[in-house]
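Scroll down for the structure; my scribbles are underneath it.
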Amino acid sequence: MDFIATGFIKAIELLISGDAATWSAILATLKVSTCSMAFSLGAGLPCGFLIGYFDFKGKKQLRTLLDTLLSLPTVFIGLVVYAFITHRGPLGEFGFLFTLTGIAIGQTILAFPVVTAITAATIEGMDKELKLTLITLGAGKRNILMTCLWEVRYGILAAGVMAYGRVMTEVGISMMVGGNIKYNTRTITTAIALETNKGQFADGIALGLVLMLIAFIVNLSVSFLRKQ
Amino acid sequence: MDFIATGFIKAIELLISGDAATWSAILATLKVSTCSMAFSLGAGLPCGFLIGYFDFKGKKQLRTLLDTLLSLPTVFIGLVVYAFITHRGPLGEFGFLFTLTGIAIGQTILAFPVVTAITAATIEGMDKELKLTLITLGAGKRNILMTCLWEVRYGILAAGVMAYGRVMTEVGISMMVGGNIKYNTRTITTAIALETNKGQFADGIALGLVLMLIAFIVNLSVSFLRKQ
Amino acid sequence: MPEAVAYQLKNIRHYYENTCALNVDELQIAKGSITGLIGPNGSGKTTLLKLLAFAMPPSCGDIFYNGKKEGCFSPVVRSKITLLTQKPYLLKRSVFENIAYGLKIRKDCRNLDSRIRTALAYVGLDHAQFAQRKWHQLSGGEAQRVAMAARLILKPEVLLLDEPVASVDTQSARLIRTASLNARDQWGTTLVIASHDLQWLYSISDSQLSISNGNIFATGIENIIPGPFEETREKTVIKKLEDGQILTLKKPENKKNTAMIKKDCLRIKEDNGSDNQLSGQIISMLAGEKSSHVLTHICVQELSFTLKLVPDQICRMNLYPGKNIVLQFDSTDVEWI
Amino acid sequence: MPEAVAYQLKNIRHYYENTCALNVDELQIAKGSITGLIGPNGSGKTTLLKLLAFAMPPSCGDIFYNGKKEGCFSPVVRSKITLLTQKPYLLKRSVFENIAYGLKIRKDCRNLDSRIRTALAYVGLDHAQFAQRKWHQLSGGEAQRVAMAARLILKPEVLLLDEPVASVDTQSARLIRTASLNARDQWGTTLVIASHDLQWLYSISDSQLSISNGNIFATGIENIIPGPFEETREKTVIKKLEDGQILTLKKPENKKNTAMIKKDCLRIKEDNGSDNQLSGQIISMLAGEKSSHVLTHICVQELSFTLKLVPDQICRMNLYPGKNIVLQFDSTDVEWI
Amino acid sequence: QASDKSLKMATTTSTDGTGLLDYLIPQFKNQTGIALEWIPTGTGNALKLGQDCNVDVLLVHAPEAEAAFIKSGFGKDRKQIMYNDFVIIGPESDPAGIKGKKVSDALDIIRTGQAVFVSRGDDSGTHKKEKQLWQSTRKPLPEKEAWYLQIGKGMQATILLCEEKKGYTMTDRGSYIKYQSVQNNTAPLKILIEGDDILLNQYSVLTLDPKNCPHAKYDLALEFLNWMASPGTQKLIGDFKLLGQTLFVPNAQ
Ligand SMILES: Nc1ncnc2c1ncn2[C@@H]1O[C@H](COP(=O)(O)OP(=O)(O)OP(=O)(O)O)[C@@H](O)[C@H]1O
Ligand SMILES: Nc1ncnc2c1ncn2[C@@H]1O[C@H](COP(=O)(O)OP(=O)(O)OP(=O)(O)O)[C@@H](O)[C@H]1O
Ligand SMILES: [Mg+2]
Ligand SMILES: [Mg+2]
């Protein structure tokens, strides 16, 4: 139990003292999570919309597949990304291995099904009258997409925060693809994993608290989208 | 790249040959995920309903907090649970450490905010007329809860599969609380992490595929709830 | 023995944010009565019905049902009172399940199938054709009627109907009327019905309440003259109509800005005794409840008036819809609200 | 010069799953006309309007707009044709934003505020009071009227209205009528309007289409006698009413099971020439479009009939709502559909 | 500029976890101007990263696997740098009674007494060493036995699990000292066996064969290898202490 209390104090120390390693990890975490969220939302929202909006043959099967992709273990994604961007892999020449870019690629793959699945479910639960109303008001395809997403914004917000939580907390991809290089690709979660592995539980707790503080600030700043 | 192909073949071999270690991990995974899903749904659905259904002061703040809990790193949860159930901890006497029960406790904590947040968002997006209709048809509090959840079942299903994905893919808790003891508390994800650490990428891929196969079967079996 | 009272409302106010949507000082609704609720959009009909259904508590004031103050989840309220909402919402299941829902909640499932057949027949829907349809496979009016059937099957003590015939065809409107009267006669149900279809409402209700701006008048279908008015030097106010005709009304007490004239105070010109003489046109004539009088709608430019005429007068004056007439009333007959 | 044609429908069939909801072999709608759509619940009005709005493609058949076959997302269709849906859905934003939405899509935002003020005035809503309200802060009728304003502001070439006055008060119904006529006169808008409020519909439309079971009759407000019928030994079928009265109709051709009688073929008893003599009661009388005739509804047990009477006859026979009369028609005047 | 004077190294968790690299590498940067980044991971994965040319140099401790690595044409030069030693630890009360025994005898006692023994089971250098100890008893390796827990985790986690289970395990001395320091020297697990020859643990630096990995920075890697073996660095290693105890003994030839 002590290490939790110690962790609390250490968390405050880390932040105040401006510990370089910690701040580097915070920065790395922010960079990759921002990147992967941008890409997964950019791709996932339209995909989720299409799946939820239209009725087509094989929709149910596609949804089941999507649900299965939610169970993609992060280490597995890490391995597959590794296979592609390793020096000998098909994308080896870009040198993405052990870079934040590599992690962002993996996390995008992780977050994409989350965004897509929740968006699809939300759009599916949308009032059918909305569709008709938009068409009759003269909305084009683009307008329909944007307006529908805005109409179900609480659901979309849920998709976003869910994907964000997934990205922020994953270790497998960052570890495998990023390599956990200090001052470079070490993110907060890989740092926690490392400290824990070293038996430095208090440090793990401290870093965990730092991570949640970041998540809290981010969530707070998007909470204006919530219903008042 | 080769190890992905090799992994495919190994996955089939593992399943067919009835490899004892693999099957033990499969069983452990099924046990804890079932347990933690049952508890997190049991607690998360009502909580999510209450948060989404009622308007109360501080609701927005509570939602932000809930969103932040989505970013609880699994290792962090693992550490906290560890602190409580270690033999020096307050719940030490129950001997939950390094047991599947311990993992299930941690995973329940992991899945609970997921279920709650998505349920709340779904219930919030529900047609306000439904509430009125149920009351006027004479529904009691219990009926309202059950019927509302059933009315937004696609959203609830999304909450379920999302939490399931989270539980199935987490490593931190299983590793920390379960201890990754072979033939005992080793789950598929901890096994993947181990193989990857050993550089046995093909085995990692194979186990990942096994995990996704399980997830696929589970998702398939709940997909009857989907809109036809 | 005095008539038994189902509802008693005292000093009810209901606010949405800061605007007062309902303002009832005193209201009684008798058991087994059928009360019509008439008023323009936004006058507070739905608000009143929701309060009567105990679906939401009033901002202040007390509602007594059968002499007792009840709350939202009191068993009496939930099992005895039902409201057909203005936008009927069907549960995402079959028509059968929708209608059975209320009974299943009450754990009362004897003869489910035959009771549902009866309920569907009440609203003119064929069991074989509709029972197994999904909620989204219905036209607007059919959905409305299914929702009505789901209320009728409960044999409620109080049946509150919010625009039950809004998108329903005339034939079905007649069936719903029959079913409602039936409910009252067979089960002693108390009904309160809001509707803009005055003809239909008039044909079903014993008495009418008019609502305007959240205020209730128990006097039946009244004629409302909305503001603005101009003050004159005498103790009157005037309103100019679009074609230049002028209404003269006695001055209101403080702050009141809506005028009301009782049906009985309106006359179609026979003498020259009134200070208000308006030329208008008869638009429609409807048979009143007991065929002994005829509800006549007269349009005077942007205003519309309703009169109760007796057949005699109609024949004597050769009145028919489309005829131009002169309407008259005394400025002193106006009440301000 | 022949009248310009806005719509031309050819061999349209629309199926929901396996049931045919609409079946139109040929239909033309002239530019600038106002067409009323009349029919019982589930007859296919909404289906037809959705097809005319190109909001869904018909299962088979072709719809030509201005002589061209158009698809759902053709720019002409999307910018020129608009439909007020039966259950108006408001976007989850303010009233102002709801009404502005269509214009914003068209990137036409000049004088937004004043145009919205005008649109709100069309439907009788006050800009100051309503423009900033949220979508859920409206009563049923107010929401309906906001939806209407959102269509009117577009100045569409075609305005399709699905029960625009269903939950709207009489005063506002009149405003909507004025606005619709205005749209036709000022912008040359073609209107197709479905409504169960026959009086209102009759007062606005140039011509009426009756729909029954998905079949369209261009002949106006007809009288429909639904089955079942019993066959007799002669070449007739009969229908027994609840009180024992009997209708005799000529035998239908194969499979048709709904009878129709034109308004002109119905008479209120003066001679004894017809084989069908039904005692019924006048329920309502409405002024027709140009005040030269009166639409009279007569109820004969469970059936209702509509007649066009001239003022002359009304005065001569002393007709008024509530009066019991005898209705007659010849069995040979019946058409089968 | 940074790109031509930088190196990536895969290494085992122990060198990172004890803080040795944090102590050494800044000096390396000072003296040679080469920025070295290291990826702490299991020995198995470290070798794999070298084989795939994702790093330039390796610092590992699994002599047999290293030999095989070079033999397969993946590695070129190998230089012994230092060693530390392994110890067998267990509860202070030592219920099985192995204190001070020879390693192979102690393991036999554990096996027959079915005392809990925690194995890292992660194919790391330490795990390989442990298997070597079991082989020295000339009996088959334990696998599914209930008392033999293979947990597939890092050394610290293994020690902590061992503490919870009140069992025995084998660890490198550095990890044990670290464990003690975290527990404020009140750790319930104590060293029961140490000093046996078989318990020595050799760390080496390996460079990659440029034939296999033409893009790897062989020259810089060689510079690192030589720097590690240089007398100055060797002294630095010898001076590195945790809680006043020497962790690594330099032994470059
Ligand atoms: N949720 C709300 N928030 C704010 N104002 C509301 C809300 N609901 C209704 N109102 C306002 O309260 C008044 C009364 O509304 P109510 O729904 O009772 O009217 P109504 O008589 O049923 O009208 P209608 O005939 O259009 O159904 C209206 O002015 C309306 O704008
Ligand atoms: N989605 C659907 N699936 C199956 N059947 C449908 C569907 N929508 C409508 N129908 C059926 O098609 C027929 C025509 O429906 P439509 O909505 O066009 O009727 P309507 O004339 O508009 O009726 P109302 O006056 O009740 O609005 C009805 O019998 C209805 O039950
Ligand atoms: Mg209302
Ligand atoms: Mg319709």
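If you go through segment A:207-221 and keep only what is more than 7 Å from chain B (Cβ to nearest Cβ) and in contact with an Asp or Glu (Cβ under 8 Å, 6 or more places away or on another chain), you end up with just A:Leu207. Please determine whether any residue of segment D:166-173 is part of a helix (DSSP H, G or I), within 14 Å of ligand 1 (Cβ to nearest atom), at negative phi and of a type in the set (Gly, Ala, Ser). Yes, segment D:166-173 contains a residue that is part of a helix (DSSP H, G or I), within 14 Å of ligand 1 (Cβ to nearest atom), at negative phi and of a type in the set (Gly, Ala, Ser).
The residue of segment D:106-141 that is nearest to the other protein chains (Cβ to nearest Cβ), among those that are of a type outside the set (S, T, N, Q) and on the phi > 0 side of the Ramachandran plot, is D:Gly124.
Meeting the requirement of 1 or more residues that are free of Cβ contacts under 8 Å to residues at least 60 places away in the same chain, the strands (runs of 3 or more DSSP E) wholly within segment E:100-219 are E:117-119, E:148-150. Selection over segment E:196-217 of residues that are surrounded by fewer than 19 Cβ atoms within 10 Å (Cβ to Cβ) and farther than 27 Å from E:Phe86 by Cβ gives a count of 5.
Filtering segment D:84-121 to residues that are small (Gly, Ala, Ser) and within 13 Å of ligand 1 (Cβ to nearest atom) leaves only D:Ser94.
For first residues located in segment D:133-148 and more than 18 Å from A:Leu134 (Cα to Cα), partners that are part of a helix (DSSP H, G or I) and more than 8 Å from ligand 1 (Cβ to nearest atom) and lie 6+ apart or on another chain with Cβ distances below 6 Å form the pairs D:Arg133/D:Val95.
Taken over segment A:50-65, the criterion of being in contact with a helix residue (DSSP H, G or I) (Cβ under 6 Å, 6 or more places away or on another chain) and either surrounded by 23 or more Cβ atoms within 10 Å (Cβ to Cβ) or in a loop (DSSP other than H, G, I, E, B) (or both) is satisfied by A:Gly52 alone.
Every condition in (1) within 16 Å of ligand 4 (Cβ to nearest atom); (2) part of a helix (DSSP H, G or I) holds for C:Leu138 except the one numbered (2). The residue list C:Ala166, C:Ala173, C:Ala194, C:Ala150 contains one member that is surrounded by 20 or more Cβ atoms within 10 Å (Cβ to Cβ), within 16 Å of ligand 3 (Cβ to nearest atom), over 12 Å from C:Gly36 (Cβ atoms) and within 12 Å of another protein chain (Cβ to nearest Cβ), which is C:Ala166.
Scanning segment E:67-99 for residues that are under 13 Å from the mean Cα position of the chain (by Cα) and among the charged types (D, E, K, R) yields a single hit, E:Asp85. Looking only at residues of segment C:147-171 that are small (Gly, Ala, Ser) and within 18 Å of the chain's Cα centre (by Cα), we find that the one that is farthest from ligand 2 (Cβ to nearest atom) is C:Ala166. Here C:Met260 clears all of (1) more than 11 Å from every other protein chain (Cβ to nearest Cβ); (2) under 23 Å from D:Ile176 (Cα atoms) except the condition numbered (2). When A:Asn184 is tested against (1) polar (S, T, N, Q); (2) crowded, with 21+ Cβ neighbours inside 10 Å; (3) in contact (Cβ under 8 Å) with a residue 60 or more places away in the chain, only condition (2) is not met. Is one or more of the residues making up segment C:141-160 modelled with pLDDT of 95 or more, farther than 22 Å from D:Thr47 by Cα and within 16 Å of ligand 1 (Cβ to nearest atom)? Yes, that holds for at least one residue.
Of all residues in segment E:77-106, those being in contact with a Lys or Arg (Cβ under 8 Å, 6 or more places away or on another chain) and crowded, with 19+ Cβ neighbours inside 10 Å number 6. Of the residues that make up segment D:122-131, is at least one surrounded by fewer than 23 Cβ atoms within 10 Å (Cβ to Cβ), at pLDDT 90 or above, within 16 Å of ligand 1 (Cβ to nearest atom) and under 23 Å from B:Glu129 (Cβ atoms)? For segment D:122-131, residues surrounded by fewer than 23 Cβ atoms within 10 Å (Cβ to Cβ), at pLDDT 90 or above, within 16 Å of ligand 1 (Cβ to nearest atom) and under 23 Å from B:Glu129 (Cβ atoms): present. Being within 14 Å of chain C (Cβ to nearest Cβ), more than 16 Å from ligand 4 (Cβ to nearest atom) and not aromatic (Phe, Trp, Tyr) holds for only one residue in D:Leu48, D:Leu84, D:Leu103, D:Leu90, and it is D:Leu90.
Going by the conditions given, is A:Asp55 at the interface with another protein chain (Cβ under 7 Å from one of its Cβ atoms), more than 19 Å from E:Ile39 (Cβ to Cβ) and of a type outside the set (A, V, I, L, M)? Against the criterion (at the interface with another protein chain (Cβ under 7 Å from one of its Cβ atoms), more than 19 Å from E:Ile39 (Cβ to Cβ) and of a type outside the set (A, V, I, L, M)), A:Asp55 does not qualify. Go through (1) modelled with pLDDT of 90 or more; (2) away from ligand 4 (no atom under 16 Å from the Cβ); (3) not aliphatic (A, V, I, L, M) for C:Arg174 and report which single condition fails. Only one criterion in (1) modelled with pLDDT of 90 or more; (2) away from ligand 4 (no atom under 16 Å from the Cβ); (3) not aliphatic (A, V, I, L, M) is unmet by C:Arg174, namely (1). For segment C:275-304, a residue qualifies if it is over 28 Å from C:Gly227 (Cβ atoms) and not in a strand (DSSP E or B), and the qualifying residues are C:Gly288, C:Glu289, C:Lys290, C:Ser291, C:Ser292, C:His293.
Mind listing whichever residues of segment B:84-118 are of a type in the set (Gly, Ala, Ser) and within 12 Å of chain A (Cβ to nearest Cβ)?
Listed by number, the residues that qualify are B:Gly89, B:Gly92, B:Ala111, B:Ala117.
Within segment B:165-188, the set of residues being within 17 Å of B:Leu72 (Cβ to Cβ) and within 8 Å of chain A (Cβ to nearest Cβ) comprises B:Gly165, B:Arg166, B:Met168, B:Thr169, B:Val171, B:Gly172, B:Met176.
Does C:Thr189 qualify as being more than 14 Å from chain D (Cβ to nearest Cβ), on the phi < 0 side of the Ramachandran plot and crowded, with 23+ Cβ neighbours inside 10 Å? So C:Thr189 passes the test.
Checking A:Phe216, A:Phe201 one by one, the residue that is surrounded by fewer than 24 Cβ atoms within 10 Å (Cβ to Cβ) and not hydroxyl-bearing (Ser, Thr, Tyr) is A:Phe216 and no other. Scanning segment C:295-337 for residues that are in contact with a Cys (Cβ under 8 Å, 6 or more places away or on another chain) and not hydrophobic (A, V, I, L, M, F, W, C), which turns out surrounded by the fewest Cβ atoms within 10 Å (Cβ to Cβ)? Result: C:Asn318.
Of all residues in segment C:122-147, those satisfying the criterion of being more than 16 Å from ligand 3 (Cβ to nearest atom) and among the aliphatic types (A, V, I, L, M) are C:Val123, C:Leu125, C:Ala128, C:Ala131, C:Leu138, C:Ala143, C:Val146.
Just wondering, is there one or more residues in segment B:13-22 that are touching a Cys at 6+ places or on another chain (Cβ under 7 Å) and either within 14 Å of chain A (Cβ to nearest Cβ) or not aliphatic (A, V, I, L, M) (or both)?
No: zero hits.
Residues in segment A:88-100 that are in a loop (DSSP other than H, G, I, E, B) and more than 25 Å from A:Ala25 (Cα to Cα) were compared, and the one that is nearest to the chain's Cα centre (by Cα) is A:Leu91. Checked against the criterion of being modelled with pLDDT of 90 or more and in contact with a strand residue (DSSP E or B) (Cβ under 6 Å, 6 or more places away or on another chain), segment E:132-140 has no qualifying residue.
The values are calculated or read from the model by the stated rules, or taken from the named source; none is laboratory data. Fair warning: this is a prediction, and the values are worked out from it, not measured in the lab. We place every Cβ from the backbone using ideal geometry, glycine too, and count neighbours over all the protein chains shown.
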